[in-house]
Amino acid sequence: MIAPVPADTFTRLTDRAAVWLGDLARHEQTNVGVIRGEDSVIVIDANFADAAKRIHAGIDGRVAHQVNTHYHADHTLGNVIFVEAGASVIGAAGQRRELLEKGRDDAIDQTGGAPDRLYPATIEFSDSLTFHEHGVELLRIGAAHSGSDLVAWLPSDAMLFVGDLAVAWEHGNNFSDADADIDGWIQGLRRCIALQPRIVVPAHGRLCDAAVLNEQLAFITDAWELANRVAMAPVRRMTLHRTGRPLGSWSGITTLQLTRSDSAAW
């Protein structure tokens, strides 16, 4: 008899939403959202496959949709677990192509090996996609952190799953994607700030309020303005710093203290 996969616990955010908090020490660094409807569950990002097995085991209900905020391996390699359980994969327009074209190399970079198969989006949307049963709106940001980012917005809870548009840990953010668009990233963060979220769930690090969006926007804007000045005057030697803190060090923002569910299943 095969032993069941142990279930991991979740942090409850609202009556309908919870989050599984990633753990960089275990190389399972991506936060994973779980949003309940009357008859099914939507999962936001998938982490790696081993983590996804435990996350799936802890979800009490049918996962109808697996949403990826972008194609990077730490968000999508776990798709296999949810797809094999019957879920569709949802991404913003362009994400399927990105995963198929760049996902293998990104997986090798992050894990040291190529996956047997990639599981790209089977459903894409060009502007927004609303799931009324779950109270969630998926909003396409477009090219920002990657070539095809999205965020998940729960307006009745004023809660935003922001993917990698903002992070809340000490390890910085990734600007290396070939299709990243810094101007698009800045505009995307401004769109997120305009939503006036009360709870922000970044894909990496602790739970936050909207201050994480403002802090990330300020840093990227400063860095981009400096980079453009350097490009215009390449002979000048310039040093980039912002209050002595590395990119992604959000020590000044307010974090949310939420309780961990007493039950493994959520």
Checklist entry - When only DSSP loop residues count, what GluC sites (Glu not before Pro) in the range 1-109 have their Cβ near at most 14 other Cβ atoms within 10 Å? => result E38
Item to check | Kirkwood hydrodynamic radius (C-alpha pairs) into Stokes-Einstein, the range 21-130, 20 °C and 1.002 mPa s, D in µm²/s | outcome: 155
Checklist outcome for this item: Using the Kirkwood formula on alpha carbons, the hydrodynamic radius of the range 116-155 in angstrom works out to 11.4
Checklist entry - Given 4 °C and 1.567 mPa s, how large is the Stokes-Einstein diffusion coefficient of the range 11-232 in µm²/s, with Rh as the Kirkwood radius over Cα pairs? => result 75
Checklist entry - With r defined as the distance between the Cβ atoms of A211 and A57 and R0 fixed at 51 Å, what FRET efficiency is calculated, to the nearest 0.05? => result 0.90
Item to check | Beta bridge orientation in the range 109-239: antiparallel %, DSSP, nearest 5 | outcome: 70
Checklist entry - Along the range 20-37, what does the Karplus equation 6.51 cos²θ - 1.76 cosθ + 1.60 (θ = phi - 60°) give for ³J(HN,Hα), rounded to whole Hz, x for Gly and Pro? => result 9, 8, x, 9, 5, 4, 9, 6, 9, 7, 9, 6, 10, x, 10, 10, 8, x
Checklist outcome for this item: In this structure, the FRET efficiency calculated for A218 and L100 from their beta-carbon separation, with R0 = 22 Å, to the nearest 0.05, is 0.05
Next on the checklist: Need one number: % antiparallel among DSSP beta bridges in the range 11-232, to the nearest 5.
Outcome noted: 60
Checklist entry - Sorted from fewest to most neighbouring beta carbons within 10 Å, what does the list R206, R117 look like? => result R117, R206
Next on the checklist: Considering only C-alpha atoms, what is the centroid distance from the range 1-79 to the range 186-218, in Å?
Outcome noted: 21
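Each value in this text was obtained by applying a stated rule to the coordinates, not by laboratory testing. Every value quoted in this text rests on a predicted model; they were computed, and no experiment measured them. Cβ atoms come from the backbone with ideal geometry, glycine included; neighbour counts cover every protein chain shown.
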